[in-house]
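Below is one structure; the comments refer to it alone.
The values are calculated or read from the model by the stated rules, or taken from the named source; none is laboratory data. These figures come from a predicted structure and were not determined experimentally. Glycine gets a Cβ as well: all are built from the backbone with ideal geometry, and neighbour counts include every protein chain shown. Heavy atoms of the whole protein, side chains included, go into the accessibility calculation; ligands, DNA and RNA do not. Shrake-Rupley method; radii C 1.70, N 1.55, O 1.52, S 1.80 Å.
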There are 2 protein chains.
Amino acid sequence: MATQSTEEYLEAIYKLGGEREPLAISVLAERLSVSSPSVSEMARKLAEQGLASYEPYKGVTLTAEGQARALAVIRRHRLWERFLTDTLGFSWDQVHDEACRLEHVTSPLVEERLAEFLETPQTCPHGHPMPTAQGKVTVEAARPLSALEPGQRGVVLWVPEEKVEMLQYLTALGLKPQATVQVEAVAPFQGPLTVRIGEAWHPLGWEVASQIMVRLL
Amino acid sequence: MATQSTEEYLEAIYKLGGEREPLAISVLAERLSVSSPSVSEMARKLAEQGLASYEPYKGVTLTAEGQARALAVIRRHRLWERFLTDTLGFSWDQVHDEACRLEHVTSPLVEERLAEFLETPQTCPHGHPMPTAQGKVTVEAARPLSALEPGQRGVVLWVPEEKVEMLQYLTALGLKPQATVQVEAVAPFQGPLTVRIGEAWHPLGWEVASQIMVRLL
DNA sequence: TTTTTATATTAGGCATACCTATTTTAACGA
DNA sequence: TCGTTAAAATAGGTATGCCTAATATAAAAA
Ligand SMILES: [Mn+2]
Ligand SMILES: [Mn+2]
Ligand SMILES: [Mn+2]
Ligand SMILES: [Mn+2]
């Protein structure tokens, strides 16, 4: 079985795009808060186990098997997040860390029953899509809120899930999945946007807006 | 924080009576399926951390702090068992191993919300008492079914929780917590009992009967 | 009291998953 | 083309939690 650490690497590689193209060691090291020698070493081990291909000085890429494992972990993570918010009443800024531990100790059987109990949710509380039990995931076409022109409207699809303070800020704004948002103005040079959420107008930093993914209406 | 392994040791020491009197290294090694040098080493480490007192060649005993930690782990274990049976529909023979992993990744906050969601259960599915969030546990006076005289009746209080095949057998017999059982006959020399459960008579090996704890009626 | 035996400890290793310090590589600009 | 530089690899080390083999202890039997 893959260790907890292995699963953490697989998940991170997948989320950083290493399921498509070689991912740099330093990027992974930054994300996982470990040194790059640690990542080099693990990259070699993942390759030995057939979960990744690794070319020194090139980067690391998941194999089909590695992708499947990564998606299984991500599915468990998102199912637990739904459980924690929907069933236990946690707020969406509290659930990532808890789910990050639970995801590694969840058997396929518990995963299956949990999904049934939750009525087969299609997204996590942050709007990210739920991989299927068969290891498929459908990612809806999306663009960052910061890419909208003044006057355009969008529906929020998903938001970053690991940034506690940002999630609390987004809660205050009402910027959550399914919310409709209209861009009123965009200041130049990646400056702040003015957005309408429901009946209220809010200034919104470009950095934040670029992390809110929306579907254009 | 205590590691998963540390928690496993604390739990085992507690359950084997090491919260009261020194527990032999070999007994712990047998229970945890590890070598006795591994146990000696961990006993020393637990003592260093103030979780146990350890006298070489004497045995290991939990400190007050060690007991509190053990009971916290046991509480989480039993809460997860209830969740798995009551909410996800698992049978009582499937839940021990799952709970044994979940118990180590459960924050106090999740523990609290889970207990609320389950409506503050007083026992696990096998009838063992639920320690309180404050680290207290009340163990009802009980005797093994094998200690009953012919003609005496009892209510099942708890059964062993880790033995999958035995739990399946007990399910077939209807021997579960709250069930009423009457001893009809006891063969000598720790021989089989004949017991009435509901309307049915069953022969029951002494070894099994000695592990079913009952309250005399 | 001495010997035997069961139990426990010590000694020495191994795998995992980290680390820092050092060396190597590859890419880029002069 | 040749240095410079940033990124990544290697070398060597640590803590945890296991292991087996050898040794020591304590209790029981002779
Ligand atoms: Mn995780
Ligand atoms: Mn999420
Ligand atoms: Mn456990
Ligand atoms: Mn139980």
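At a probe radius of 1.4 Å, figure out the B/A buried accessible area, summed over both chains, and give it in Å² to the nearest 100.
About 1700 Å² of accessible surface is lost on pairing.
Taking 2.2 N^0.38 Å as the expected size of a compact globular protein, what ratio does the Cα radius of gyration of the range A:4-62 give against it, to two decimals? All intermediate terms of the calculation are to be shown ahead of the outcome.
Working: Rg = 9.6 Å, N = 59, 2.2 N^0.38 = 10.4 Å.
In units of the 2.2 N^0.38 Å rule of thumb, it is 0.93.
Compute the Cα gyration tensor for chain A, then decide on rounded, prolate or oblate, letting a ≥ b ≥ c be the square roots of its eigenvalues: rounded whenever a/c is under 1.5, prolate when a/b is larger than b/c in the other cases, and oblate in all that remain.
oblate
Evaluate Rg over Rh across the range A:105-201, taking Cα atoms for both radii and Kirkwood's formula for Rh.
Taking Rg over the Kirkwood Rh, I get 1.07.
Against the longest alpha carbon principal axis of chain A, how many degrees, from 0 to 90 and to the nearest 10, is the axis of helix A:164-173 turned?
Helix A:164-173 sits roughly 30 degrees off the main axis of chain A.
Report the normalised scattering of the protein assembly as shown as log10 I(q)/I(0) at q = 0.08, 0.12, 0.13 Å⁻¹, calculated by the Debye formula with identical scatterers on the alpha carbons.
-0.61, -1.11, -1.21
Using C-alpha positions alone, give me the convex hull volume of the range A:163-208 per residue in cubic angstrom.
Numbers: hull volume 3.2 nm³, N = 46.
Dividing the Cα hull volume of the range A:163-208 by its residue count gives 69 Å³.
Just from its helices, what would the mean residue ellipticity at 222 nm be for chain A, if runs of 4 or more DSSP H residues each count -39500 (n - 2.57) and the sum is divided by every residue, rounded to the nearest 500 deg cm²/dmol?
Result for chain A, helices only: -11500 deg cm²/dmol.
Given that compact globular proteins tend to follow 2.2 N^0.38 Å, what is the ratio of the alpha-carbon Rg of the range B:1-121 to that value?
1.12
What is the average number of partner chain Cβ atoms found within 10 Å of a Cβ in B:102-111?
Working: counts 5, 1, 2, 10, 4, 4, 0, 5, 10, 0.
Mean partner-chain Cβ count within 10 Å for B:102-111: 4.
Grab the Cα-Cα distance for B:Thr3 and B:Gln168, subtract it from 0.36 nm times how many residues apart they are, and report the gain in nm with one decimal.
Working it through step by step, the gained length comes to 56.2 nm.
In percent, how large is the relative contact order of chain B, given Cα pairs closer than 8 Å and 6 or more residues apart?
16
Compute the label-point distances linking A:Arg143 to its equivalents in the other copies; points lie 7 Å from Cα along Cα→Cβ; give nm, one decimal, shortest first.
Distances between equivalent label points, in nm: 8.0.
For chain B, what does the accessible surface come to per residue with a 1.4 Å probe? Please give it in Å².
Per residue, chain B has 49 Å² of solvent-accessible surface.
How much length is gained if the chain between A:Ser107 and A:Ser210 is pulled fully straight, taking 0.36 nm per residue apart and subtracting their Cα-Cα distance, in nm to one decimal?
This chain segment gains 33.5 nm when fully extended.
Could you check the spin-label model distance between B:Arg196 and B:Ser33? Points 7 Å from the Cα along Cα→Cβ, value in nm.
Modelled inter-label distance: 4.1 nm.
List the residues of the range B:51-93 whose accessible area drops by at least 50 Å² when all protein chains are present, compared with their chain alone, using a 1.4 Å probe and counting only protein heavy atoms.
SASA drop of 50 Å² or more in the range B:51-93: B:Leu88, B:Phe90.
Using only alpha carbons, build the gyration tensor for the range A:60-99 and give me the equivalent ellipsoid semi-axes, biggest first, whole Å.
So the three semi-axes of the range A:60-99 are 27, 9, 5 Å.
Considering the zone a paramagnetic label at A:Ser91 would reach in this model (a point 7 Å from Cα along the Cα-to-Cβ line), which residues of the range A:99-143 have amide N under 18 Å from it?
Those under the cut-off are A:99, A:125-127.
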